[in-house]
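The values are calculated or read from the model by the stated rules, or taken from the named source; none is laboratory data. Remember, predicted model here, so these are calculated numbers, not experimental data. Methodologically, a virtual Cβ is constructed for each residue, glycine included, from the backbone with ideal geometry; neighbour enumeration extends over all protein chains shown. These accessible areas exclude ligands, DNA and RNA; they are computed on the full protein's heavy atoms, side chains included. Shrake-Rupley method; radii C 1.70, N 1.55, O 1.52, S 1.80 Å.
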Amino acid sequence: LEALVSPPPGESRWDGPYLSKRVIPKDPWGNPFVYKTPGDNSPYDLISLGSDNALGGDGEAKDIVSWE
């Protein structure tokens, strides 16, 4: 996700920053998002691990994922 605020090394076509603030946002519980590319479920997977900051969980601890 750093590529949203700073150009990746060797990338000449980067035209950012793509966020108005130069800070990568955290999930609603103040934890970093998990970003995986290529993803297991789509070209990229973006995940919040929920309130417990661990895989799985129920209720507020349930993971929030980009492919659902």
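Points to keep in mind about this one:
- Selection within the range 43-53 - part of a loop (DSSP other than H, G, I, E, B), open to solvent by 40 Å² or more (accessible area, probe 1.4 Å) and out of contact with any Lys or Arg (no Cβ under 7 Å at 6 or more places or on another chain): Pro43, Ser51, Asp52, Asn53
- Among the residues of the range 17-33, just one is among the β-branched types (Val, Ile, Thr) and open to solvent by less than 70 Å² (accessible area, probe 1.4 Å), namely Ile24.
- Options Asp40, Asp58: the member that is exposed (fewer than 12 other Cβ atoms within 10 Å of the Cβ) and over 25 Å from Val5 (Cα atoms): Asp58
- The set of residues in the range 1-22 that are touching a residue at least 12 places away in the same chain (Cβ under 8 Å) and of a type in the set (A, V, I, L, M, F, W, C) comprises Leu1, Ala3, Leu4, Val5, Leu19.
- Yes/no for Glu2 being closer than 21 Å to Val65 by Cβ and either of a type in the set (Gly, Ala, Ser) or surrounded by fewer than 13 Cβ atoms within 10 Å (Cβ to Cβ) (or both): yes
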